[in-house]
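Q: Would you mind keeping the following structure in view while I ask a few things?
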Amino acid sequence: MTLNSQPSTLNLLVTGGAGFIGSNLIHHVIEQPAITSLVNLDCLTYAGHLANLETISHHPKYAFEKVDLRDKVETVRVIKQHDITHVLHLAAESHVDRSITGPGDFIHTNVVGAFNLLEACRESWMNRQSSIANRQFRFHHVSTDEVYGSLGAAGLFTESTSYAPNSPYSASKASSDMLVRAYHHTYGLNTVITNCSNNYGPFQFPEKLIPVVIQSVMARKPIPIYGDGLNVRDWLYVRDHAEALWLVLTQGKAGETYNIGGHNEWSNLRIVELICDTVDEFAPQLGGSSRKLITFVKDRPGHDRRYAIDAGKIQRELGWTPAHKFEDGIRETIRWYLDNQSWVQTVLKK
(Lines give C-alpha, C1' and ligand atoms only; values in the text may rest on other atoms or scores of the structure.)
Protein backbone atom coordinates (compact mmCIF):
# COMPACT_ATOMS: atom_id res chain seq x y z
CA MET A 1 0.00 0.00 0.00
CA THR A 2 1.46 3.36 -0.96
CA LEU A 3 0.58 6.79 0.28
CA ASN A 4 -3.02 7.79 -0.52
CA SER A 5 -3.74 4.32 -1.96
CA GLN A 6 -6.58 3.47 0.40
CA PRO A 7 -8.02 -0.06 0.60
CA SER A 8 -11.52 -0.57 -0.77
CA THR A 9 -12.41 -3.17 1.87
CA LEU A 10 -10.55 -4.64 4.81
CA ASN A 11 -10.92 -7.27 7.49
CA LEU A 12 -9.35 -5.58 10.48
CA LEU A 13 -7.79 -7.24 13.51
CA VAL A 14 -7.34 -5.01 16.56
CA THR A 15 -5.19 -6.61 19.24
CA GLY A 16 -5.75 -5.33 22.76
CA GLY A 17 -9.12 -4.00 21.68
CA ALA A 18 -10.64 -4.30 25.16
CA GLY A 19 -8.00 -2.00 26.61
CA PHE A 20 -7.87 1.77 26.88
CA ILE A 21 -6.61 2.86 23.46
CA GLY A 22 -7.97 -0.22 21.69
CA SER A 23 -11.57 0.25 22.83
CA ASN A 24 -11.54 3.94 21.94
CA LEU A 25 -10.11 3.02 18.53
CA ILE A 26 -12.82 0.42 17.89
CA HIS A 27 -15.55 2.91 18.78
CA HIS A 28 -13.93 5.37 16.35
CA VAL A 29 -13.57 3.06 13.32
CA ILE A 30 -16.38 0.48 13.55
CA GLU A 31 -18.63 2.51 11.23
CA GLN A 32 -15.95 3.11 8.59
CA PRO A 33 -17.41 1.92 5.25
CA ALA A 34 -14.09 0.33 4.26
CA ILE A 35 -14.27 -2.16 7.15
CA THR A 36 -16.01 -5.41 6.28
CA SER A 37 -15.27 -7.07 9.62
CA LEU A 38 -13.51 -6.03 12.81
CA VAL A 39 -12.06 -8.70 15.10
CA ASN A 40 -11.02 -7.75 18.61
CA LEU A 41 -8.30 -10.07 19.95
CA ASP A 42 -7.68 -9.67 23.67
CA CYS A 43 -6.70 -12.05 26.47
CA LEU A 44 -8.49 -9.84 29.02
CA THR A 45 -5.76 -9.14 31.54
CA TYR A 46 -6.46 -6.79 34.44
CA ALA A 47 -6.43 -3.87 31.96
CA GLY A 48 -8.82 -5.36 29.38
CA HIS A 49 -12.56 -4.97 29.90
CA LEU A 50 -15.35 -5.94 27.51
CA ALA A 51 -17.51 -3.41 29.34
CA ASN A 52 -15.56 -0.79 27.37
CA LEU A 53 -17.24 -2.12 24.21
CA GLU A 54 -20.70 -2.90 25.52
CA THR A 55 -22.45 -0.48 23.17
CA ILE A 56 -21.02 -2.10 20.02
CA SER A 57 -20.75 -5.72 21.19
CA HIS A 58 -23.63 -6.80 18.91
CA HIS A 59 -22.55 -4.77 15.88
CA PRO A 60 -22.77 -6.93 12.72
CA LYS A 61 -19.13 -6.18 11.82
CA TYR A 62 -17.75 -6.97 15.27
CA ALA A 63 -16.32 -10.23 16.63
CA PHE A 64 -14.36 -10.98 19.79
CA GLU A 65 -11.61 -13.58 20.21
CA LYS A 66 -10.24 -14.25 23.69
CA VAL A 67 -6.71 -15.20 22.67
CA ASP A 68 -3.29 -14.61 24.19
CA LEU A 69 -0.68 -13.61 21.60
CA ARG A 70 1.81 -15.80 23.41
CA ASP A 71 -0.20 -18.73 22.02
CA LYS A 72 1.12 -18.91 18.46
CA VAL A 73 -1.27 -21.64 17.29
CA GLU A 74 -4.35 -19.68 18.31
CA THR A 75 -2.91 -16.47 16.87
CA VAL A 76 -2.41 -18.16 13.50
CA ARG A 77 -5.96 -19.54 13.66
CA VAL A 78 -7.48 -16.08 14.17
CA ILE A 79 -5.59 -14.57 11.23
CA LYS A 80 -6.63 -17.39 8.88
CA GLN A 81 -10.18 -18.03 10.12
CA HIS A 82 -11.18 -14.38 9.83
CA ASP A 83 -9.19 -13.80 6.61
CA ILE A 84 -7.51 -10.80 8.23
CA THR A 85 -6.13 -8.25 5.78
CA HIS A 86 -5.13 -5.47 8.21
CA VAL A 87 -3.74 -5.53 11.73
CA LEU A 88 -3.64 -2.75 14.30
CA HIS A 89 -1.38 -4.18 16.99
CA LEU A 90 -1.97 -2.43 20.32
CA ALA A 91 -1.88 -5.36 22.76
CA ALA A 92 0.90 -4.79 25.28
CA GLU A 93 1.84 -4.62 28.91
CA SER A 94 2.25 -0.87 29.29
CA HIS A 95 2.69 0.25 32.90
CA VAL A 96 6.27 1.31 33.60
CA ASP A 97 6.06 0.66 37.35
CA ARG A 98 4.88 -2.90 36.73
CA SER A 99 7.76 -3.45 34.30
CA ILE A 100 10.24 -2.47 37.01
CA THR A 101 8.86 -4.93 39.57
CA GLY A 102 8.02 -7.71 37.07
CA PRO A 103 9.77 -7.36 33.69
CA GLY A 104 9.13 -10.94 32.54
CA ASP A 105 5.52 -10.35 31.49
CA PHE A 106 6.65 -7.42 29.36
CA ILE A 107 9.19 -9.50 27.45
CA HIS A 108 6.77 -12.38 26.86
CA THR A 109 3.79 -10.23 25.83
CA ASN A 110 5.42 -7.28 24.09
CA VAL A 111 8.27 -9.09 22.33
CA VAL A 112 7.24 -12.74 21.94
CA GLY A 113 3.61 -11.76 21.37
CA ALA A 114 4.57 -9.34 18.60
CA PHE A 115 6.81 -11.99 17.05
CA ASN A 116 4.00 -14.56 17.04
CA LEU A 117 1.64 -12.08 15.41
CA LEU A 118 4.18 -11.14 12.75
CA GLU A 119 4.79 -14.80 12.00
CA ALA A 120 1.06 -15.48 11.76
CA CYS A 121 0.64 -12.65 9.27
CA ARG A 122 3.70 -13.68 7.27
CA GLU A 123 2.47 -17.27 7.08
CA SER A 124 -0.99 -16.22 5.94
CA TRP A 125 -0.16 -13.31 3.68
CA MET A 126 3.11 -14.31 2.05
CA ASN A 127 1.57 -17.56 0.82
CA ARG A 128 -0.45 -15.33 -1.51
CA GLN A 129 2.53 -13.52 -3.03
CA SER A 130 1.19 -13.88 -6.54
CA SER A 131 -2.10 -12.25 -5.65
CA ILE A 132 -2.57 -8.58 -6.50
CA ALA A 133 -4.47 -8.30 -3.23
CA ASN A 134 -1.31 -9.17 -1.30
CA ARG A 135 -0.16 -5.57 -1.67
CA GLN A 136 -3.22 -4.46 0.26
CA PHE A 137 -2.30 -6.32 3.44
CA ARG A 138 -0.95 -4.15 6.24
CA PHE A 139 0.56 -4.63 9.71
CA HIS A 140 0.38 -1.46 11.83
CA HIS A 141 2.42 -1.66 15.01
CA VAL A 142 1.48 0.86 17.72
CA SER A 143 4.40 1.87 19.93
CA THR A 144 5.48 4.62 22.32
CA ASP A 145 7.73 7.66 22.49
CA GLU A 146 9.44 6.06 25.49
CA VAL A 147 11.63 4.03 23.13
CA TYR A 148 13.58 7.23 22.44
CA GLY A 149 14.71 7.70 26.03
CA SER A 150 14.80 11.06 27.77
CA LEU A 151 15.07 14.64 26.52
CA GLY A 152 16.66 17.61 28.21
CA ALA A 153 14.94 20.96 28.56
CA ALA A 154 14.91 21.49 24.77
CA GLY A 155 14.46 19.40 21.65
CA LEU A 156 11.85 16.99 20.25
CA PHE A 157 11.73 13.33 19.33
CA THR A 158 11.62 12.80 15.57
CA GLU A 159 11.29 9.62 13.55
CA SER A 160 15.10 9.59 13.13
CA THR A 161 15.88 9.93 16.86
CA SER A 162 18.05 7.05 18.06
CA TYR A 163 16.44 4.54 20.38
CA ALA A 164 17.58 4.71 24.00
CA PRO A 165 14.99 2.93 26.20
CA ASN A 166 15.46 3.33 29.94
CA SER A 167 12.88 0.93 31.45
CA PRO A 168 12.01 -2.72 30.84
CA TYR A 169 8.72 -1.52 29.34
CA SER A 170 10.33 0.82 26.82
CA ALA A 171 13.02 -1.76 26.03
CA SER A 172 10.34 -4.35 25.25
CA LYS A 173 8.54 -1.90 22.94
CA ALA A 174 11.81 -0.95 21.24
CA SER A 175 12.46 -4.64 20.63
CA SER A 176 9.06 -5.16 19.02
CA ASP A 177 9.58 -2.05 16.87
CA MET A 178 12.81 -3.56 15.57
CA LEU A 179 11.10 -6.85 14.79
CA VAL A 180 8.44 -5.06 12.75
CA ARG A 181 11.10 -3.13 10.87
CA ALA A 182 13.02 -6.34 10.18
CA TYR A 183 9.96 -8.12 8.82
CA HIS A 184 9.41 -5.30 6.35
CA HIS A 185 12.99 -5.24 5.11
CA THR A 186 13.59 -9.00 5.20
CA TYR A 187 10.27 -10.43 4.04
CA GLY A 188 8.65 -7.46 2.34
CA LEU A 189 5.79 -7.43 4.85
CA ASN A 190 3.70 -4.28 4.47
CA THR A 191 4.29 -2.62 7.85
CA VAL A 192 4.01 0.80 9.44
CA ILE A 193 4.98 1.88 12.95
CA THR A 194 3.58 4.70 15.05
CA ASN A 195 5.18 6.06 18.22
CA CYS A 196 2.78 8.06 20.34
CA SER A 197 3.03 10.31 23.37
CA ASN A 198 1.14 9.77 26.64
CA ASN A 199 -2.56 9.09 26.05
CA TYR A 200 -5.42 10.18 28.29
CA GLY A 201 -9.20 9.99 28.08
CA PRO A 202 -12.16 7.65 28.82
CA PHE A 203 -11.66 3.98 29.73
CA GLN A 204 -8.07 4.33 30.95
CA PHE A 205 -7.34 1.80 33.68
CA PRO A 206 -6.96 3.57 37.05
CA GLU A 207 -3.25 2.94 37.50
CA LYS A 208 -1.96 5.70 35.22
CA LEU A 209 -1.35 9.25 36.41
CA ILE A 210 -4.55 11.04 35.40
CA PRO A 211 -7.14 8.48 36.57
CA VAL A 212 -5.10 7.82 39.73
CA VAL A 213 -5.24 11.50 40.61
CA ILE A 214 -8.96 11.77 39.85
CA GLN A 215 -9.74 8.78 42.05
CA SER A 216 -7.47 9.98 44.85
CA VAL A 217 -9.21 13.35 44.87
CA MET A 218 -12.63 11.69 44.92
CA ALA A 219 -11.59 9.45 47.82
CA ARG A 220 -9.73 12.29 49.59
CA LYS A 221 -6.57 10.17 49.63
CA PRO A 222 -2.96 11.38 49.26
CA ILE A 223 -1.93 12.04 45.64
CA PRO A 224 1.56 10.56 45.11
CA ILE A 225 3.95 12.52 42.86
CA TYR A 226 7.35 11.08 42.00
CA GLY A 227 10.41 13.22 42.81
CA ASP A 228 9.90 16.94 42.36
CA GLY A 229 6.96 16.51 39.98
CA LEU A 230 8.68 18.41 37.18
CA ASN A 231 8.99 15.49 34.77
CA VAL A 232 7.39 16.60 31.50
CA ARG A 233 5.22 14.58 29.12
CA ASP A 234 3.46 15.40 25.85
CA TRP A 235 -0.22 14.50 26.33
CA LEU A 236 -2.43 13.15 23.54
CA TYR A 237 -6.21 12.81 23.79
CA VAL A 238 -7.05 9.19 22.99
CA ARG A 239 -9.70 10.08 20.41
CA ASP A 240 -7.18 12.21 18.51
CA HIS A 241 -4.85 9.23 18.62
CA ALA A 242 -7.56 6.95 17.20
CA GLU A 243 -8.00 9.28 14.23
CA ALA A 244 -4.25 9.30 13.59
CA LEU A 245 -4.03 5.51 13.79
CA TRP A 246 -6.75 5.10 11.19
CA LEU A 247 -5.04 7.54 8.83
CA VAL A 248 -1.69 5.77 9.12
CA LEU A 249 -3.30 2.35 8.68
CA THR A 250 -5.12 3.37 5.51
CA GLN A 251 -2.91 6.08 4.00
CA GLY A 252 0.59 5.79 5.46
CA LYS A 253 3.54 4.71 3.37
CA ALA A 254 4.77 1.13 3.75
CA GLY A 255 7.90 0.75 5.85
CA GLU A 256 7.58 4.19 7.42
CA THR A 257 7.38 5.35 11.05
CA TYR A 258 5.09 8.19 12.12
CA ASN A 259 5.31 9.99 15.44
CA ILE A 260 1.96 11.01 16.96
CA GLY A 261 2.03 13.76 19.58
CA GLY A 262 -0.49 16.02 21.23
CA HIS A 263 1.51 19.29 21.20
CA ASN A 264 0.68 19.46 24.92
CA GLU A 265 3.78 19.52 27.15
CA TRP A 266 2.88 19.54 30.83
CA SER A 267 4.80 18.71 33.98
CA ASN A 268 3.31 16.09 36.26
CA LEU A 269 2.87 18.60 39.08
CA ARG A 270 1.08 21.10 36.85
CA ILE A 271 -1.29 18.37 35.63
CA VAL A 272 -2.08 17.23 39.17
CA GLU A 273 -2.83 20.79 40.23
CA LEU A 274 -5.13 21.27 37.24
CA ILE A 275 -7.01 18.04 38.01
CA CYS A 276 -7.38 19.06 41.66
CA ASP A 277 -8.80 22.44 40.71
CA THR A 278 -11.15 20.99 38.07
CA VAL A 279 -12.55 18.29 40.37
CA ASP A 280 -13.06 20.97 43.02
CA GLU A 281 -15.06 22.93 40.43
CA PHE A 282 -17.13 19.94 39.32
CA ALA A 283 -17.64 18.46 42.82
CA PRO A 284 -17.55 21.30 45.37
CA GLN A 285 -19.32 19.06 47.89
CA LEU A 286 -16.00 17.28 48.49
CA GLY A 287 -14.95 20.31 50.52
CA GLY A 288 -11.69 22.25 50.64
CA SER A 289 -8.84 22.54 48.17
CA SER A 290 -7.76 19.18 46.79
CA ARG A 291 -4.22 20.46 46.30
CA LYS A 292 -3.60 19.75 49.99
CA LEU A 293 -3.68 16.04 49.09
CA ILE A 294 -0.50 16.31 46.96
CA THR A 295 2.27 14.18 48.44
CA PHE A 296 5.80 13.95 47.04
CA VAL A 297 7.30 10.45 47.11
CA LYS A 298 10.67 8.92 46.23
CA ASP A 299 11.33 9.01 42.49
CA ARG A 300 11.07 5.74 40.59
CA PRO A 301 14.19 4.15 39.04
CA GLY A 302 15.02 5.28 35.50
CA HIS A 303 12.37 8.02 35.49
CA ASP A 304 12.86 9.90 32.20
CA ARG A 305 12.85 13.66 32.65
CA ARG A 306 11.06 14.83 29.52
CA TYR A 307 9.32 13.50 26.43
CA ALA A 308 8.16 15.67 23.54
CA ILE A 309 7.22 14.63 20.03
CA ASP A 310 7.70 16.36 16.71
CA ALA A 311 4.54 15.30 14.85
CA GLY A 312 5.41 17.28 11.72
CA LYS A 313 5.72 14.25 9.45
CA ILE A 314 2.19 12.96 9.99
CA GLN A 315 0.88 16.50 9.55
CA ARG A 316 2.75 17.04 6.28
CA GLU A 317 2.04 13.63 4.76
CA LEU A 318 -1.42 12.75 6.10
CA GLY A 319 -2.84 16.10 7.19
CA TRP A 320 -3.30 15.08 10.83
CA THR A 321 -3.10 17.45 13.78
CA PRO A 322 -4.59 16.90 17.26
CA ALA A 323 -8.02 18.46 17.69
CA HIS A 324 -7.93 18.79 21.48
CA LYS A 325 -5.95 21.13 23.67
CA PHE A 326 -5.03 19.55 26.98
CA GLU A 327 -7.14 21.99 29.00
CA ASP A 328 -10.25 20.96 27.03
CA GLY A 329 -9.53 17.25 26.83
CA ILE A 330 -8.76 16.94 30.53
CA ARG A 331 -12.08 18.55 31.44
CA GLU A 332 -13.92 16.02 29.26
CA THR A 333 -11.88 13.22 30.82
CA ILE A 334 -12.51 14.31 34.39
CA ARG A 335 -16.22 14.67 33.72
CA TRP A 336 -16.29 11.16 32.20
CA TYR A 337 -14.66 9.62 35.28
CA LEU A 338 -16.98 11.48 37.64
CA ASP A 339 -19.99 10.30 35.65
CA ASN A 340 -18.73 6.70 35.37
CA GLN A 341 -17.70 5.77 38.89
CA SER A 342 -19.51 2.43 38.54
CA TRP A 343 -17.16 1.53 35.67
CA VAL A 344 -14.15 2.51 37.80
CA GLN A 345 -15.27 0.37 40.71
CA THR A 346 -15.97 -2.59 38.42
CA VAL A 347 -12.53 -2.59 36.82
CA LEU A 348 -10.77 -2.02 40.14
CA LYS A 349 -12.51 -5.06 41.61
CA LYS A 350 -11.23 -7.12 38.67
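Q: I'm told residue 320 meets every condition in (1) in contact with a helix residue (DSSP H, G or I) (Cβ under 7 Å, 6 or more places away or on another chain); (2) among the aromatic types (Phe, Trp, Tyr); (3) within 30 Å of residue 220 (Cβ to Cβ) except one. Can you identify the failing condition by its number?
A: Here residue 320 clears every test but (3).
Q: Determine which member of the set 300, 306 is touching a Leu at 6+ places or on another chain (Cβ under 6 Å) and not hydrophobic (A, V, I, L, M, F, W, C).
A: It is 306.
Q: Can you give me the ranges of the strands (runs of 3 or more DSSP E) entirely in region 1-105 with at least 1 residues that are at pLDDT 95 or above and surrounded by 21 or more Cβ atoms within 10 Å (Cβ to Cβ)?
A: On the way: elements: 10-15, 35-41, 62-65, 86-89.
Per the criteria, 10-15, 35-41, 86-89.
Q: Among the residues that make up region 222-240, is at least one of them within 24 Å of residue 49 (Cβ to Cβ), in contact with a Leu (Cβ under 8 Å, 6 or more places away or on another chain) and either buried (at least 20 other Cβ atoms within 10 Å of the Cβ) or not polar (S, T, N, Q) (or both)?
A: no
Q: Do you know which residues across region 195-221 are farther than 23 Å from residue 325 by Cβ and either crowded, with 20+ Cβ neighbours inside 10 Å or in contact with a Leu (Cβ under 9 Å, 6 or more places away or on another chain) (or both)?
A: The answer is 205, 206, 215, 216, 218, 220, 221.
Q: Under 7 Å by Cβ, and 6 or more places apart or on different chains, what pairs join a residue from region 288-317 that is at negative phi and touching a residue at least 24 places away in the same chain (Cβ under 8 Å) with one that is basic (Lys, Arg) and surrounded by 18 or more Cβ atoms within 10 Å (Cβ to Cβ)?
A: 307/233
Q: Could you list all residues from region 277-311 that are in a helix (DSSP H, G or I) and either under 23 Å from residue 201 (Cα atoms) or in contact with a helix residue (DSSP H, G or I) (Cβ under 8 Å, 6 or more places away or on another chain) (or both)?
A: Here is the first cut: in region 277-311, the ones in a helix (DSSP H, G or I) are 277-282, 284-286, 290-293.
Within region 277-311, 277, 278, 279, 280, 281, 282, 284, 286, 290, 291, 293 meet the criteria.
Q: Something else now. From the list 53, 44, pick out the single residue that is of a type in the set (A, V, I, L, M) and on the phi > 0 side of the Ramachandran plot. Please lay out each step first, then the result.
A: On the way: 53 fails: on the phi > 0 side of the Ramachandran plot.
Just a single option satisfies the conditions, and that option is 44.
Q: Any residue in region 3-11 that is aliphatic (A, V, I, L, M) and closer than 25 Å to residue 119 by Cβ? Before you say what the answer is, go through the steps one by one.
A: Pass one, region 3-11, residues aliphatic (A, V, I, L, M): 3, 10.
Next, from what is left, pick out any that are closer than 25 Å to residue 119 by Cβ: 10.
The answer is yes, given that some residue of region 3-11 is aliphatic (A, V, I, L, M) and closer than 25 Å to residue 119 by Cβ.
Q: Here's another thing I want to ask about it. Among the residues of region 290-324, which ones are of a type in the set (Ser, Thr, Tyr) and modelled with pLDDT under 95? Show your work before the answer.
A: So the first thing to find is which residues in region 290-324 are of a type in the set (Ser, Thr, Tyr), and the list is 290, 295, 307, 321.
Result: 307, single match.
Q: Shifting gears a bit: Would you tally the residues in region 157-178 being crowded, with 19+ Cβ neighbours inside 10 Å and among the aliphatic types (A, V, I, L, M)?
A: So the answer is 2.
Q: If you go through region 111-119 one residue at a time, do you hit one that is assigned to a strand (DSSP E or B) and in contact with a strand residue (DSSP E or B) (Cβ under 8 Å, 6 or more places away or on another chain)?
A: First, pick out the residues of region 111-119 that are assigned to a strand (DSSP E or B): none.
Looking for residues that are assigned to a strand (DSSP E or B) and in contact with a strand residue (DSSP E or B) (Cβ under 8 Å, 6 or more places away or on another chain), one finds none in region 111-119, hence no.
The values are calculated or read from the model by the stated rules, or taken from the named source; none is laboratory data. This structure is a prediction, so every number in the text was calculated from the model and none was measured. Virtual Cβ from ideal backbone geometry, glycine too; neighbours counted across all protein chains shown.
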